[in-house]
1. If you line up the long axis of helix 109-121 against the longest principal axis of the chain, both from Cα atoms, how many degrees apart are they, to the nearest 10?
2. Evaluate the charge dipole of the stretch 59-112 about its Cα centre and quote only its size in Debye, nearest 20, assuming +1 on the Cβ of each Lys and Arg and -1 on the Cβ of each Asp and Glu.
3. Multiplying the sequence separation of Ser4 and Asp159 by 0.36 nm and subtracting their Cα-Cα distance, what value in nm do you get?
4. Rounded, prolate or oblate: which one fits the stretch 37-117, using the alpha carbon gyration tensor with axes a ≥ b ≥ c (rounded when a/c is under 1.5, else prolate when a/b beats b/c, else oblate)?
5. What's the center-to-center distance, using Cα atoms, between the stretch 78-144 and the stretch 176-199 in Å?
6. With springs connecting C-alpha atoms under 10 Å apart, model the chain as a Gaussian network and identify which of Ile101, Ile79, Ile69 has the largest mean-square fluctuation.
7. So, for the chain, what is the accessible surface per residue at a probe of 1.4 Å, expressed in square angstrom?
8. Could you calculate the contour length gain from Arg138 to Met11, that is, 0.36 nm times the residue separation minus the distance between their Cα atoms, to one decimal place in nm?
Amino acid sequence: MALSKRKIQEMVAQLQKRFPNWRSFSSPPDPNFHSDEIDYKQNLSNKAKQLLNPETFKAVFNSENGSQIDPYETLLANIETVGKAANLLYLSVPSSGDLSILYSPNLDKPTFCQFFFDLLYGDGSSEERLARYLDYVRAQHLPSTWTFPTYYLFLCYPDTEIFIKPTITKSFLLRLGEENRFSAQPTAESYGSIKAFFHGNYSG
């Protein structure tokens, strides 16, 4: 279902309430919009690509740890650092926040890091990788949330992937009459449907 002209006008009006000088996503850019919404996300994406690159994971997976420093703790610290580097995640209560999986007593560090690596760099589409990640965390009775996996997918692949904050995403889809695409529990199918809609590659 294509967006109606009225829906598009409503969205533009909402955006211009906060950024009155915004006219389009193309040149000339609105400096306030870029400062508030674009620049820091680009910096965050660069930080994620630096700390969570494939070589960093592979070096740990292939290491023979003879030191007192746990290399998996270093990987988890990198994941945590990226998670705390902006205000996109809820962090006020660590045990129930968006990074709670990192603090779970059920977390097996080597296995989790393997599945996290697979989520970002494994074979198949992002939907297939997300499905494997979700199957793993549920089987291990770890927190299964929308925010955690999609946050890192988005930062590593900002041109193709999306970050899903449940309340905001559901509200946005509801406004557009597409709320059926959203599922309360994260699923690869719902993620793929929402991503296709956001990118305009969807069918009615």
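1. 40 degrees
2. Dipole size: approximately 140 debye.
3. Taking Ser4 through Asp159 to full extension adds about 53.3 nm, to one decimal.
4. Since a/c reaches 1.5 but b/c is at least a/b, the shape of the stretch 37-117 is classed as oblate.
5. First find each Cα centre; the distance between them is then 20 Å.
6. Most flexible of the set in this elastic network: Ile69.
7. With the other protein chains kept in place, the chain gives 56 Å² per residue.
8. Gain on stretching Arg138 to Met11: 42.1 nm.
The values are calculated or read from the model by the stated rules, or taken from the named source; none is laboratory data. Note that the coordinates shown come from a computational prediction; the quantities given were computed from them, not determined experimentally. For neighbour counting, all protein chains shown are included, and Cβ atoms are generated from backbone atoms with ideal geometry for every residue, glycine included. Heavy atoms of the whole protein, side chains included, go into the accessibility calculation; ligands, DNA and RNA do not. Shrake-Rupley method; radii C 1.70, N 1.55, O 1.52, S 1.80 Å.
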